[in-house]
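Visitor: Mind looking over this structure? Questions follow.
The values are calculated or read from the model by the stated rules, or taken from the named source; none is laboratory data. Note that the structure is predicted; figures quoted are calculated from it, not measured. Reconstructed Cβ throughout: ideal geometry from the backbone, glycine too, with neighbour counts over all protein chains shown.
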Amino acid sequence: MIKSIYFLTIVLLVLFFGCKKENKTSSVEIRLLYKSKTGSNYLPDVDAGVYLYKQKGKAMIMSARNRMGMVIFEGDQDYTRPDYSGKADVNGVVSISGVEDGNYNIVVGSKARIVWSYKNIDINGDISLVKNFSDSDEYSDKSQSW
């Protein structure tokens, strides 16, 4: 009897843990550029930040602090930490790998300009995006569109 219970327990554990589905992950690559103050050309936005927040079904409260990855969602009292984040390299490219597939709010904050932008994205495979920051809406709580 004890051997039967032991065997049954082992079988159930193997079935439970053996059938566990792993979450699919993807890579996100974003190129960030900003409009130079002296001309009309765009330059790499070195050290600009990218922040990914898994969607919770709550609206994000708009604030210039969002550009630093400091986000509050409606109904929350404290800032929410990003699920994934990265900084732009010397070419203005941010690469984030191992992102669990799903729906996200993506917030990007310019380092060269005091501006930010956000949008909702659905990640279910590797994606590549480009965001060009202009000098419009600089120093405001209003985000720039993509």
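Visitor: If you check ASP89 against the conditions, is it under 26 Å from ASP126 (Cα atoms), acidic (Asp, Glu) and in contact with a Lys or Arg (Cβ under 7 Å, 6 or more places away or on another chain)?
Guide: Here the answer is no, as ASP89 does not meet what is asked.
Visitor: Inside the range 19-94, counting only strands (runs of 3 or more DSSP E) that do not spill past its ends, which hold 3 or more residues that are touching an Asp or Glu at 6+ places or on another chain (Cβ under 8 Å)? Talk me through it step by step, then tell me what you get.
Guide: Values: elements: 25-35, 42-44, 49-54, 84-87.
Because the criterion is at least 3 residues that are touching an Asp or Glu at 6+ places or on another chain (Cβ under 8 Å), the strands (runs of 3 or more DSSP E) in the range 19-94 that meet it are 25-35, 49-54.
Quick grid of which residues meet (1) in contact with a strand residue (DSSP E or B) (Cβ under 9 Å, 6 or more places away or on another chain); (2) modelled with pLDDT of 75 or more; (3) among the small types (Gly, Ala, Ser):
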| position | (1), (2), (3) |
| --- | --- |
| THR25 | yes, yes, no |
| GLY49 | yes, yes, yes |
| TYR53 | yes, yes, no |
| ARG67 | yes, no, no |
| VAL71 | yes, yes, no |
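Visitor: Mind listing just one residue for me: the one in the range 35-51 that is in contact (Cβ under 8 Å) with a residue 24 or more places away in the chain and among the β-branched types (Val, Ile, Thr) and, of those, nearest to ASN91 (Cα to Cα)? Even if it seems obvious, please write down each step before you answer.
Guide: First pass over the range 35-51, keeping only residues in contact (Cβ under 8 Å) with a residue 24 or more places away in the chain: 35, 37, 42-51.
Those still in the list that are among the β-branched types (Val, Ile, Thr) too: 46, 50.
Numbers: VAL46: 7, VAL50: 14 Å.
Only one residue tops the list, namely VAL46.
Visitor: Does any residue of the range 115-135 turn out to be assigned to a strand (DSSP E or B) and over 25 Å from SER26 (Cα atoms)?
Guide: As a first pass, look at the range 115-135 and keep what is assigned to a strand (DSSP E or B): 116-123, 127-133.
Keeping just the survivors that are over 25 Å from SER26 (Cα atoms) gives 133.
Within the range 115-135, one or more residues are assigned to a strand (DSSP E or B) and over 25 Å from SER26 (Cα atoms).
Visitor: Could you grab the pairs with beta carbons closer than 7 Å, sequence gap of 6+ or different chains, first residue in the range 59-88 and farther than 19 Å from VAL115 by Cα, second one among the basic types (Lys, Arg) and surrounded by fewer than 18 Cβ atoms within 10 Å (Cβ to Cβ)?
Guide: Going by the 7 Å Cβ cut-off, the qualifying pairs are PHE73/LYS56; PHE73/LYS58; GLU74/LYS58; GLY75/LYS58; ASP83/LYS54.
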